[in-house]
Each structure stands twice: as C-alpha cells, then as structure tokens.
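Asks: Have a look at this one before I ask anything.
The values are calculated or read from the model by the stated rules, or taken from the named source; none is laboratory data. Treat the numbers as computed from the prediction; the structure is a model and nothing was measured. Positions of Cβ are generated from backbone atoms using ideal geometry, with glycine treated the same way; all protein chains shown enter the neighbour counts.
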Amino acid sequence: MKSREMSLLPDARADLLCYLDATAAATHALTSDCRVDHMVIFCRSWLSRNRLSLPWLDRVRLRQLALQIARRDLRGVGIALKQADVQRLFTGDMKLNPASTIVQRMLQVCRRALEDHRFA
C-alpha cells in the first residue's frame, strides 16, 4: 500500500512526536541512555506501521525535538518515568497506550511543543 504524506493528517505529527518521546523516555528509564540511532529506528517503524511518509529534514527536526522534550520538558510537567511505568506506556504491539495518563500528558506536552516549533 502506498504511503500518505504525513502533513495532510492534522494530528499525525503530534502522535509521532509523542511516540518518539515515550520510546526515548522508556529507553532512558530502562538503560539510562537514549541513542540517536534508536530514535531513527523508532521514527521509521512508526511511519511504516502507519503507512505515512515524512521528508527527511522534518524527521530529523522531530527527533531532535523529541529528545529535547524527553530530556528536559517531561520532568518540568511532572512526568518522570520509572522502570515500572514503561510497560503501561505501550500496548502489546508497541503502539502508544491511549488509556495511560502518562501518555495523555505526554501528548499534551507534544502538542504544545509543536505549536511553538514551525516545520516549513
């Protein structure tokens, strides 16, 4: 099936950014590290699973923003993941768990961040 351009879908960037934040925060909670090459893989897998495409420069910018949010902004709004929290962030097929209050709060942070950052 052909991929759709992500810019046509209004909430797709926020969903991808939230997924990247959640995976970065989860990786950091489990390993005390989050490598950029892992962020590339997380981004590609989300886009592929959702049959979406995004220009490479936008992918780079979203990954950078996700790392910035995960490292700095999540704690500022009271989101600090522990190892025990990681499993609740995701469903069995590694999609974000929309029932998780942590995911809901992360999505709010991501939406605000996207309002402040313009991707032309």
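Asks: Given the criteria within 11 Å of the chain's Cα centre (by Cα), at pLDDT below 90 and outside any strand (DSSP E or B), does I102 qualify? Quick ask: steps written out before the conclusion?
Replies: Working: within 11 Å of the chain's Cα centre (by Cα): no; at pLDDT below 90: yes; outside any strand (DSSP E or B): yes.
Considered against the rule, which asks whether it is within 11 Å of the chain's Cα centre (by Cα), at pLDDT below 90 and outside any strand (DSSP E or B), I102 comes out as no.
Asks: Among the residues of the stretch 41-91, what is the count of those that are outside any helix (DSSP H, G or I), at pLDDT below 85 and loosely packed, with under 14 Cβ neighbours inside 10 Å?
Replies: Kept after step one, since they are outside any helix (DSSP H, G or I), are these residues of the stretch 41-91: 50-55, 77-82, 90-91.
Those left that are additionally at pLDDT below 85: 77-82.
Next, only the ones that are loosely packed, with under 14 Cβ neighbours inside 10 Å stay: 77-78, 80, 82.
Residues meeting the conditions: 4.
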